[in-house]
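Below is one structure, written out as structure tokens, with a few remarks after it.
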Amino acid sequence: MNRDAIRGPLIKLLVALAAVAAIGFYIYLNAGLPDPREQDRVGPLTGEFSIIKPRDWDSSVAYAVPPFPYPVYIEIMPAKRVGKGLKLFAGRMRNAPDVAKFKANGMYDATFQGQPALVFSGIGKQEFVWQAIFQRGSAWYEIALHVNTIIDDVPHSDWWPYIESFKCNPLPPTTAESIK
């Protein structure tokens, strides 16, 4: 039996299978995020705020002491994360923000969930960042999306339903000292 006679069709079959696999992978990558599910909601044990994570993504809730600017925050990342970028962050700020400082760094007045917010959308240190800082009750929160590609219109992206899923139970009025 001639080996060259077998190799030709085998190579064609392997090339065809590789092409089908590449097309399938391309479709998978461009399919977007699935709709948020309430069962994927994550937050600190106190229940003071929460956000829905994409299914099959990892999340961690952390508690920090001063001088870290967030006493509690959530980080959401792909389970099989490679490199930097692709992260959703939500945190309660320890202190009210210095609005003038944030505006000097490119944030602008906007709304988030129908209420006033400072928003930034642009290139951060190494990735595209969409960020909102806003007040609910006596507490200030930050949500930030870090991705490896530029998103022209975050509110009309696949990410928006996840960002908008942020909920909080406003904290009772406090003094500045009690939230430090």
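The values are calculated or read from the model by the stated rules, or taken from the named source; none is laboratory data. In this text the structure is predicted, and so the values were computed from the model without any measurement. Virtual Cβ from ideal backbone geometry, glycine too; neighbours counted across all protein chains shown.
Here are the numbers for this structure:
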| read-out | value |
| --- | --- |
| Strands (runs of 3 or more DSSP E) enclosed by segment 35-87 - at least 1 residues per element that are farther than 25 Å from Asn148 by Cα and aromatic (Phe, Trp, Tyr) | 49-52, 57-63 |
| Extreme residue, surrounded by the fewest Cβ atoms within 10 Å (Cβ to Cβ), among residues of segment 73-88 that are modelled with pLDDT of 95 or more and either on the phi > 0 side of the Ramachandran plot or among the β-branched types (Val, Ile, Thr) (or both) | Ile76 |
| Index of the failed condition, Ser138 passing every other in (1) in contact with a Ser or Thr (Cβ under 9 Å, 6 or more places away or on another chain); (2) of a type in the set (Gly, Ala, Ser); (3) over 23 Å from Gly43 (Cβ atoms) | (3) |
| Flag for Gly91 being touching a strand residue (DSSP E or B) at 6+ places or on another chain (Cβ under 7 Å), at pLDDT below 90 and within 27 Å of Lys125 (Cα to Cα) | no |
| Residues within segment 141-174 that are free of Cβ contacts under 8 Å to residues at least 40 places away in the same chain, closer than 20 Å to Val42 by Cβ and within 16 Å of the chain's Cα centre (by Cα), tallied | 1 |
| Residues (assigned to a strand (DSSP E or B) and either at pLDDT below 95 or farther than 27 Å from Leu86 by Cβ (or both)) located in segment 110-120 | Gln115, Pro116 |
| Residue match in segment 96-109 (condition: more than 14 Å from the chain's Cα centre (by Cα), surrounded by fewer than 14 Cβ atoms within 10 Å (Cβ to Cβ), modelled with pLDDT of 95 or more and assigned to a strand (DSSP E or B)) | yes |
| Leading residue by the ranking (farthest from Val72 (Cα to Cα)) among those in segment 130-142 that are crowded, with 19+ Cβ neighbours inside 10 Å and either among the small types (Gly, Ala, Ser) or touching a Gly at 6+ places or on another chain (Cβ under 8 Å) (or both) | Ala132 |
| Segment 128-165, subset outside any strand (DSSP E or B) and among the β-branched types (Val, Ile, Thr), residue nearest to Pro36 (Cα to Cα) | Ile163 |
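Results for (1) loosely packed, with under 10 Cβ neighbours inside 10 Å; (2) farther than 17 Å from Ser165 by Cβ; (3) at pLDDT 95 or above, shown as yes or no for each residue.
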{"site": "Leu14", "(1), (2), (3)": "no, yes, no"}
{"site": "Ala18", "(1), (2), (3)": "no, yes, no"}
{"site": "Ile23", "(1), (2), (3)": "no, yes, no"}
{"site": "Ile27", "(1), (2), (3)": "yes, yes, no"}
{"site": "Pro34", "(1), (2), (3)": "no, no, no"}
{"site": "Leu45", "(1), (2), (3)": "yes, yes, no"}
{"site": "Ser50", "(1), (2), (3)": "no, no, yes"}
{"site": "Phe68", "(1), (2), (3)": "no, yes, no"}
